[in-house]
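Take a look at the structure set out below.
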Amino acid sequence: MQVHGQDRSGELADAMKGGTAVVERHERITGYVTVLAFFGHAVAETNLDLQALIASAEAFAGPGIIVPTRNSVFFRWCLENGLRVVQPMTLMTLGLYNEPAGAYLPSVLF
């Protein structure tokens, strides 16, 4: 809710059935990932939380993850740690759009 401004608990509940990853700091959850893939999403309070989620992954599902280049600090971290750009994409939307407030990986589904 804090990052996207809306409830995504349904997607998270579905992801938890198959196993999902969370990051904790100071005994509280500060981020989660449904699945590291085009069809999954991740949110975190900080870039460090998101980095921890990615660093703990054994692999990405499908062709990879979507990394918003407007988060240049996180994008550079990805490149410095061996990730590479495969398919540049542009976000386009109609109607109401709320820019997420925090670190995130979007999904092609939402």
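The values are calculated or read from the model by the stated rules, or taken from the named source; none is laboratory data. Remember, it's a predicted structure, so these values are computed and weren't measured experimentally. As a convention, Cβ positions derive from the backbone with ideal geometry for all residues, glycine included, and neighbour counts pool all protein chains shown. Quick note on the areas: whole protein, heavy atoms, side chains included, nothing else; ligands and nucleic acids left out. Shrake-Rupley method; radii C 1.70, N 1.55, O 1.52, S 1.80 Å.
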Of the conditions (1) open to solvent by 80 Å² or more (accessible area, probe 1.4 Å); (2) outside any loop (DSSP other than H, G, I, E, B); (3) among the hydrophobic types (A, V, I, L, M, F, W, C), V86 fails just one. Which one is it?
-> (2)
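Look at segment 53-66 and say how many of its residues are in contact with a strand residue (DSSP E or B) (Cβ under 9 Å, 6 or more places away or on another chain) and either crowded, with 19+ Cβ neighbours inside 10 Å or under 22 Å from L91 (Cα atoms) (or both). Can you show your working first?
Step one: list which residues in segment 53-66 are in contact with a strand residue (DSSP E or B) (Cβ under 9 Å, 6 or more places away or on another chain), which gives 53-54, 56-57, 65-66.
Among the residues that remain, those that are also either crowded, with 19+ Cβ neighbours inside 10 Å or under 22 Å from L91 (Cα atoms) (or both) are: 53-54, 65-66.
Residues meeting the conditions: 4.
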For segment 58-80, how many residues meet the condition of being part of a helix (DSSP H, G or I) and hydroxyl-bearing (S, T, Y)?
-> 1
Of these, T46, T93, T20, which one is open to solvent by 30 Å² or more (accessible area, probe 1.4 Å), β-branched (V, I, T), free of Cβ contacts under 8 Å to residues at least 40 places away in the same chain and out of contact with any helix residue (DSSP H, G or I) (no Cβ under 8 Å at 6 or more places or on another chain)?
-> T93
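Every residue in segment 96-110 that is among the aliphatic types (A, V, I, L, M), assigned to a loop (DSSP other than H, G, I, E, B) and open to solvent by less than 100 Å² (accessible area, probe 1.4 Å), please. Before you say what the answer is, go through the steps one by one.
Here is the first cut: in segment 96-110, the residues among the aliphatic types (A, V, I, L, M) are 96, 101, 103, 105, 108-109.
Next, only the ones that are assigned to a loop (DSSP other than H, G, I, E, B) stay: 96, 101, 108-109.
Those that are among the aliphatic types (A, V, I, L, M), assigned to a loop (DSSP other than H, G, I, E, B) and open to solvent by less than 100 Å² (accessible area, probe 1.4 Å): A101, V108.
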